[in-house]
1. I'm told residue 187 meets every condition in (1) within 20 Å of the chain's Cα centre (by Cα); (2) closer than 30 Å to residue 383 by Cα; (3) buried (at least 18 other Cβ atoms within 10 Å of the Cβ); (4) in the same structural domain as residue 326 (by TED's automatic domain parsing) except one. Can you identify the failing condition by its number?
2. Among the listed residues 238, 243, which satisfies the condition of being part of a loop (DSSP other than H, G, I, E, B) and either surrounded by 21 or more Cβ atoms within 10 Å (Cβ to Cβ) or under 23 Å from the mean Cα position of the chain (by Cα) (or both)?
3. In segment 250-276, how many are in a loop (DSSP other than H, G, I, E, B) and crowded, with 22+ Cβ neighbours inside 10 Å?
4. Quick check: is even one residue across segment 94-117 in a helix (DSSP H, G or I), more than 21 Å from the chain's Cα centre (by Cα) and more than 17 Å from residue 72 (Cβ to Cβ)?
5. Is it fair to say residue 203 is surrounded by fewer than 16 Cβ atoms within 10 Å (Cβ to Cβ), under 26 Å from residue 378 (Cα atoms), free of Cβ contacts under 8 Å to residues at least 12 places away in the same chain and not assigned by TED's automatic domain parsing to the domain that holds residue 314?
6. Within segment 52-82, track down each residue that is assigned to a loop (DSSP other than H, G, I, E, B) and crowded, with 22+ Cβ neighbours inside 10 Å.
7. Does residue 232 satisfy being crowded, with 19+ Cβ neighbours inside 10 Å, in contact (Cβ under 8 Å) with a residue 40 or more places away in the chain and either more than 25 Å from the chain's Cα centre (by Cα) or under 22 Å from residue 368 (Cα atoms) (or both)?
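The values are calculated or read from the model by the stated rules, or taken from the named source; none is laboratory data. Nothing here was measured: the structure is a model prediction, and the numbers come from that model. Virtual Cβ from ideal backbone geometry, glycine too; neighbours counted across all protein chains shown.
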C-alpha cells in the first residue's frame, strides 16, 4: 500500500471516530461488542402507552434485553428531550438521536456490529430497508408486520367500496407486504391466521408468529365487583378502525341500549377522541389520552370494541383481560385472541345483537363473573414465556 493510501485510510478512520464521539448516542456506553446486537427500526418513535403496536414492540425489546442483546432503537423523529426517548434510555436501550450533530444513523452503523435489523411495520420497511441493506448487508433482516395492513384496507373497502384513499392505501400496502417483505430473511406475523395468509406469498418456513404480549396488571380482588362497577369503556388511538367503531357505537348500538337503560355511561379513552367534534356525540364522555388507565379499567363494568374492520390482534382486548374486565366485541375485534363467545368474551357483529349483549352483561352477574374469572386463562397464550424461546431462536 502506498503512503498516500495509508494516509487516506488513517484519516477515514479518524473521521469515523470523530463522528462517533460528536454525534448524540444515548446509552452508547452500554454497547458490548461481545454480545449480539439487534437494531429496531421504526418510522415513528414508539409510544408504548398510546397504541397497541408500540406496546408490543416495547415488550419484544424487553425480551431481547432479557436475552442479553445489545438493543438499539432508531426512528427518524427522535429527540433527546422526548419523554419516550427517556423511557427507553432508562430501560438500557441504545438510542441514536438525530440532530444537527450528525446526518443519520447510516453514518454510525459501520462502527458497530449489527446482527439483526427488525423493521417495525411497513412504513419503516419502505423508508429504511434499501438504505440499511446497502449499509449492513451481512445482518439478518426481519420484517414485523405488526398487522396485515392490506387486509385492514381490504376490509375497510367492503364497508366503503368507493373511497379512493382506501383503494390507494390497499394497493400500496399490498405491494409492500407481498412483494417487498418476502425479500427479507424472516417475516413476523402477529397471529397464526395472518401467518397462513402470508404463506400465499412467501414460504411458510420464513414466517413465525409473535402476538401481543399480555399479563395480569392487577390481582382479581383489586378490581370492582359486578355490583360496584359502572359504565362502558372504549380505548383506542386515531387508527381508522377505532374512529369507525366509536361512530358505530354511538349511532347504531347505544341508541338501542339507551332505549332500555338510559343510565349506562360510555367513556372514550385515547387519542381517538381527537377525531370527533364532541358536540355531535353529547352522550359520550371523551377523556382523551389518559396517562394511567388503571382506575378506569378497575371500575368499569365492561369494555366494548365494536370493530367492523381492521387486522391483527387488538391490544384493547388483551388490555381488558389484564384487568379482568368483561368484553363485548365483534369477530374482527376477537381475531387472534382465541376467544370463545360466552366463555371469555361476548362476540356479536350485528348492532342489535351487540346492544343486547351490552344489556345482558350489564345485568347478568353470573355471565359477568364467568367472563371476568376466565381472563387469567385467556392471557396465557400471550405471556412473555410463550414467545421468549421463539425470539431467542431467530
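1. (4)
2. Among 238, 243, only 238 is part of a loop (DSSP other than H, G, I, E, B) and either surrounded by 21 or more Cβ atoms within 10 Å (Cβ to Cβ) or under 23 Å from the mean Cα position of the chain (by Cα) (or both).
3. 1
4. Looking for residues that are in a helix (DSSP H, G or I), more than 21 Å from the chain's Cα centre (by Cα) and more than 17 Å from residue 72 (Cβ to Cβ), one finds none in segment 94-117, hence no.
5. Taking the combined requirement at face value, the residue does not satisfy it.
6. Listed by number, the residues that qualify are 75, 78.
7. yes
The rows are residues; the columns are (1) in a helix (DSSP H, G or I); (2) touching a strand residue (DSSP E or B) at 6+ places or on another chain (Cβ under 9 Å); (3) not assigned by TED's automatic domain parsing to the domain that holds residue 294.
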position: 324; (1), (2), (3): no, no, no
position: 338; (1), (2), (3): no, no, no
position: 349; (1), (2), (3): no, no, no
position: 358; (1), (2), (3): yes, yes, no
position: 362; (1), (2), (3): yes, yes, no
position: 372; (1), (2), (3): yes, no, no
position: 376; (1), (2), (3): yes, no, no
